[in-house]
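Laboratory data are not the source of any read-out in this text; all were calculated from the coordinates shown. In this text the structure is predicted, and so the values were computed from the model without any measurement. No Cβ is skipped: glycine too gets one built from the backbone with ideal geometry, and neighbour counts run over all protein chains shown.
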Amino acid sequence: MKVAFIGLGVMGYPMAGHVKNAGIDVCVYNRTAEKAEQWVAEYGGDMAPTPAEAAADCNVVLICVGNDNDVREVTTGDSGVLNGMIEGSILVDHTTASAALAKELYVEAKARGVQFLDAPVSGGQAGAENGALTVMIGGDESTYVEAKPVIDMYSKFNKLLGVAGNGQLAKAANQICIAGVVEGLAEALNFALKQA
């Protein structure tokens, strides 16, 4: 098995490390080449100058970048992974992005003979470093079953929640719940301080 990891930020860097530490052949790409060089020096593996070259001959391509525009750039851009992926391989997007983009990428990937999962993560930097992330996934069940052994390498819990886009919808709902809890705690604290 060969895996590419695109995006070595606070989350992607340790996630890619868990895959490499599991004995998988990993090739990384990061916009800032120094970060990719640092990762290779720490974990071994290879780095590539473009996402497409990182994805070449890989069974699974994992992405964890900043937002919708970043995802588009590294997937469907001129040097995006979809221009380098082999037929039947799997693209897994761990970026917290929009459900609309996930549906768009599912269709685009399928047209190129590539399988796609939207799989945003929860658990923060500590979860990524400890391999204890929660992954909310949208896509086809057969693709999920095939990709699950890789996703298990950096997650404590992952679940398929239905069609493409559902992973992103679940993450959005999760964020709304967290915001509600934080707002409730702030109101309670404010109330308590005013009563003192």
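Below, the figures for the structure above:
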{"quantity": "The chain - Rg over Rh from alpha carbon coordinates, Kirkwood radius", "calculated": "1.04"}
{"quantity": "Ascending count of other beta-carbon atoms within 10 Å, so fewest first, for S142, S122", "calculated": "S142, S122"}
{"quantity": "Full-extension gain in nm, D46 to E34, via 0.36 nm per residue minus C-alpha separation", "calculated": "3.0 nm"}
{"quantity": "Relative packing of 158-165, 26-33, 176-183, which averages over residues the other C-beta atoms within 10 Å, highest first", "calculated": "26-33, 158-165, 176-183"}
{"quantity": "Per-pair calculated FRET efficiency, R0 = 41 Å: S142 and A186 via Cβ, rounded to 0.05", "calculated": "0.40"}
{"quantity": "0 to 90° range, to nearest 10: angle between helix 12-21 axis and the chain longest Cα axis", "calculated": "60 degrees"}
{"quantity": "Lys, Arg +1 and Asp, Glu -1 on Cβ, resulting dipole of the chain about Cα centre, debye, nearest 20", "calculated": "500 debye"}
{"quantity": "Vicinal HN-Hα couplings computed from phi for segment 167-182 (Karplus, 6.51 cos²θ - 1.76 cosθ + 1.60; Hz; Gly/Pro x)", "calculated": "x, 5, 5, 5, 5, 4, 4, 4, 5, 5, 4, 4, 4, x, 5, 4"}
{"quantity": "Set of lysines with alpha-carbon distance to K156 below 18 Å, sequence-local pairs under 8 removed", "calculated": "K20, K148, K171"}
{"quantity": "For V28, distant residues with modelled amide H under 5 Å away", "calculated": "F5, D46, M47, A48"}
{"quantity": "Cα centroid separation - segment 1-38 against segment 82-133, whole Å", "calculated": "15 Å"}
{"quantity": "E87 paired with K194, simple spin-label distance in nm, labels 7 Å along Cα-to-beta-carbon", "calculated": "6.7 nm"}
{"quantity": "Mean Cβ count within 10 Å, highest first, over the residues of peptides 92-100, 185-193", "calculated": "92-100, 185-193"}
